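Written below as structure tokens is the structure these notes are about.
The values are calculated or read from the model by the stated rules, or taken from the named source; none is laboratory data. Remember, predicted model here, so these are calculated numbers, not experimental data. Cβ sites come from the backbone with ideal geometry, for glycine too, and all protein chains shown count toward neighbours. Areas reflect the complete protein model, heavy atoms only, side chains present, ligands, DNA and RNA absent. Shrake-Rupley method; radii C 1.70, N 1.55, O 1.52, S 1.80 Å.
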Amino acid sequence: MSAGDQRFEAEQVVVAMANYQTPRVPEFARDLDPEIRQLHSSEYRNPSQLQDGGVLVVGLGNSGADIGLEVSRTHSTWLSGKESGHIPFSIDSVWARLLWSRLVRFVGHHVLSLGTPIGRKVRPKMLFRAAPLIRVKAADLAKAGIERVARVAGVRDGHPLLEDERVLDVKNVIWCTGFHPGFSWIDLPIFGEGGQPTHERGVVNRAPGMYFVGLHFLYAMTSANLVGVGRDAEYVVTAIETRASLRSAAEQKSHVAATAGHRSAAFSRG
């Protein structure tokens, strides 16, 4: 492993970084008029970063919904993307804070995991689609005057082109389109669909000694947050200790066999 001018060698390597490393923006974004201000959600802080004029928010996950709602207070706003569902109640209510959050935590930690049939079924979908809206609802977006539009398909004459052939004359585009995993620095044949590492609860069988912690749905829906990462880390640590013990035992056995061989050869010569 290289870091600048330094090179590191290790028998065990734990990659403790999440999937959200490199902002994902479609290639055709470079074809937009340079006068249009473009930001990724990771760069957005507040509406003061935007130019006067309309705003197109691309992506209807939680980031897109939250940002769209905020910028709609100062700018005409269009929102492109398909909603993947929402929690049908206010999470700010007293009962939600006291009861529902605990229920969601339990379901995400124990039910939606690779240890259950339903968890194994929903994991592929959850890896590659936006999470349900938590705080903002579709009704909130409509009430704020945000216009929902079709998916952005490309660029025409320097402006965003929608799937329905509509062209939007906007001055700002905010890409709420997620992230690439950012594992390009790992030159090993251990990646599958979407650049995701193939592993079993963080243990990479294709590359013994390689482990991952902190990935989205590594083992359960809670794997990328504090509720679940501790359990995943404990599993990986146990795997590391087991591998180290087996390696030590094998080396000790090899050493004993080699010593016995030398003694036998010496006895024969004598």
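For this structure, a couple of remarks:
- A search for C-beta distances below 6 Å between a residue of the stretch 70-88 that is under 9 Å from residue 133 (Cα atoms) and any residue that is crowded, with 21+ Cβ neighbours inside 10 Å, counting only pairs 6+ apart in sequence or on different chains, returns 83/60; 84/130; 86/133.
- Unique match (being within 17 Å of residue 175 (Cβ to Cβ) and open to solvent by less than 50 Å² (accessible area, probe 1.4 Å)) among 58, 136: 58
- Check on residue 119, touching a residue at least 40 places away in the same chain (Cβ under 8 Å) and loosely packed, with under 13 Cβ neighbours inside 10 Å: no
- Any hit, the stretch 112-132, residues being more than 24 Å from residue 92 (Cβ to Cβ) and more than 21 Å from the chain's Cα centre (by Cα): yes
- The stretch 15-46, subset in a helix (DSSP H, G or I) and open to solvent by 50 Å² or more (accessible area, probe 1.4 Å), residue nearest to residue 214 (Cα to Cα): 27
- All positions within the stretch 156-179 that are open to solvent by less than 40 Å² (accessible area, probe 1.4 Å), assigned to a loop (DSSP other than H, G, I, E, B), touching a Gly at 6+ places or on another chain (Cβ under 8 Å) and not β-branched (Val, Ile, Thr): 168, 176, 178
- Residue pairs whose Cβ atoms lie under 7 Å apart, sitting 6 or more positions apart in sequence or on different chains, and linking a residue in the stretch 182-196 that is under 14 Å from residue 212 (Cα atoms) to a partner that is β-branched (Val, Ile, Thr) and crowded, with 17+ Cβ neighbours inside 10 Å, are 190/204.
- With respect to the stated conditions, residue 187 fails to be among the acidic types (Asp, Glu), closer than 27 Å to residue 45 by Cα and open to solvent by 50 Å² or more (accessible area, probe 1.4 Å).
- Pair list, Cβ under 6 Å, 6 or more apart: the stretch 215-242 residue touching a residue at least 40 places away in the same chain (Cβ under 8 Å) and within 19 Å of residue 182 (Cα to Cα), other residue of a type in the set (Ser, Thr, Tyr) and in a loop (DSSP other than H, G, I, E, B): 217/223
- Any hit, the stretch 39-62, residues being among the basic types (Lys, Arg) and over 23 Å from the mean Cα position of the chain (by Cα): no
- Taking (1) at pLDDT below 95; (2) over 28 Å from residue 231 (Cα atoms); (3) β-branched (Val, Ile, Thr) in turn, residue 134 satisfies each apart from (2).
- Boolean, residue 125 is charged (D, E, K, R), without any contact (Cβ under 8 Å) to a residue 12 or more places away in the chain and either farther than 30 Å from residue 14 by Cα or surrounded by 14 or more Cβ atoms within 10 Å (Cβ to Cβ) (or both): no
- Checked against (1) farther than 30 Å from residue 35 by Cα; (2) assigned to a loop (DSSP other than H, G, I, E, B); (3) out of contact with any His (no Cβ under 8 Å at 6 or more places or on another chain); (4) modelled with pLDDT of 90 or more, residue 205 passes all but a single condition, namely (3).
- With respect to the conditions (1) part of a loop (DSSP other than H, G, I, E, B); (2) open to solvent by 20 Å² or more (accessible area, probe 1.4 Å), residue 222 falls short on a single one, namely (2).
- Pick from the stretch 1-14, criterion in contact (Cβ under 8 Å) with a residue 60 or more places away in the chain and outside any loop (DSSP other than H, G, I, E, B), ranking: least open to solvent (accessible area, probe 1.4 Å): 13
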